[in-house]
Amino acid sequence: MTATLERIKKEIRSLEPSEVEALLRDLQFEYVMPLPDDEASVEAAWDAEIAERVKDVEEGRVTLISGEESERRIDALFAKHGLQRRTA
């Protein structure tokens, strides 16, 4: 990474959580990721990923958790970083 990018990252880390949230919101609206040239290959890659994840569940290689546990873990991650989730 360039020195400029490192400096920007350092400055972002010094911002208040509300400032970081506002910055991320602004960047999200200002910069849009380009669409892939080959949408079919992206779709095929997602299909393969989904199939592999289903296979992991069916063969017992992963442990499923409830929606409530998932929400609890996400809330804990946000809190760890001094952030609060917005709920609908």
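Some values worked out for this structure:
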{"item": "Top-ranked residue in segment 46-88 [being part of a loop (DSSP other than H, G, I, E, B) and aliphatic (A, V, I, L, M); ranked as surrounded by the most Cβ atoms within 10 Å (Cβ to Cβ)]", "result": "83"}
{"item": "Close pairs from segment 41-69: first free of Cβ contacts under 8 Å to residues at least 60 places away in the same chain, partner surrounded by 10 or more Cβ atoms within 10 Å (Cβ to Cβ) and among the β-branched types (Val, Ile, Thr), Cβ under 9 Å, at least 6 apart", "result": "53/62; 56/62; 64/57"}
{"item": "Some residue of segment 14-26 being loosely packed, with under 10 Cβ neighbours inside 10 Å and either within 18 Å of residue 84 (Cα to Cα) or of a type in the set (A, V, I, L, M, F, W, C) (or both)", "result": "yes"}
{"item": "Residues of segment 8-39 that turn out to be in contact with a helix residue (DSSP H, G or I) (Cβ under 8 Å, 6 or more places away or on another chain) and among the acidic types (Asp, Glu), as a count", "result": "0"}
{"item": "Tally, over segment 14-57, of residues that are within 20 Å of the chain's Cα centre (by Cα), modelled with pLDDT of 95 or more and basic (Lys, Arg)", "result": "1"}
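The values are calculated or read from the model by the stated rules, or taken from the named source; none is laboratory data. The shown structure was predicted, so the numbers you read here are calculated from the model rather than taken from an experiment. Cβ sites come from the backbone with ideal geometry, for glycine too, and all protein chains shown count toward neighbours.
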